[in-house]
Amino acid sequence: MPYKVLFVCLGNICRSPSAENIMNHLIEQAGLSTSIVCDSAGTSSYHIGSPPDRRMSAAAAKKLGIKLQGQARQFHKSDFQDFDLILAMDRQNYQNILILDPTQHYHDKVRLMCSYCSKHTLKEVPDPYYGGLEGFNQVIDLLVDACEGLLQNIISQQLET
Ligand code: 4NP
């Protein structure tokens, strides 16, 4: 059974699809595609079915040479069972995920993405949607840092030798 990670933001068109695609890129480079599986979702229904935001895709292409793939979907309660780890981009996303788990059964599966950063000190991945292009570049930088830490963490703690 692969280890399953779900990245969650508000719209599932900027931050979480970037996290998913960057993580998949690192997983492929490490030859671990059959061991770790990623997906992403939004806490809102605003953009269901939409591809990643053009500005976000442009930043990922320019900075990393990665083409963002995916179609937005909404986070659903069944994701608590389906995934081993659920990573919220900011505290609002984190709270909105935990509201759907009133018994706190899955509380330990839900973490903040930036808890895996080692080079950056920001505690949240800022919402870039209403800001300028610099915000999208910052999202990429933060997510590369967090995904590198996350991959090392999964390799050392979750995968069988
Ligand atoms: P995301 O960015 O949560 O990183 O996908 C946003 C996308 C859309 C909106 C807000 C943030 N929106 O308000 O529509």
Carbon + sulfur, % of accessible area of the range 26-161 - ligands and nucleic acids excluded, 1.4 Å: 48 percent
Rounded to the nearest 10 Å², the accessible area of residue 121 at probe 1.4 Å: 120 Å²
Kyte-Doolittle mean at least 0.0 and Cα axial length at least 20 Å: DSSP H helices in the chain: 133-157
Euclidean distance between Cα centres, the range 46-84 to the range 26-43, Å: 13 Å
Residue 111 accessible area, assembled protein chains, probe 1.4 Å, Å²: 100 Å²
Accessible area per residue, Å², the range 80-152 with all protein chains present, probe 1.4 Å: 54 Å²
Protection-proxy order for peptides 55-61, 79-85, each taking the mean of Cβ atoms within 10 Å per residue, highest first: 55-61, 79-85
The chain: Rg to Rh, with Rh as the Kirkwood radius over Cα pairs: 0.93
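The values are calculated or read from the model by the stated rules, or taken from the named source; none is laboratory data. The model shown is predicted, which means the values in this text are computed figures rather than measured ones. Please note: Cβ atoms are built from the backbone with ideal geometry, for glycine as well, and neighbour counts cover all protein chains shown. The area values use the complete protein model at the heavy-atom level, side chains included, leaving out ligands, DNA and RNA. Shrake-Rupley method; radii C 1.70, N 1.55, O 1.52, S 1.80 Å.
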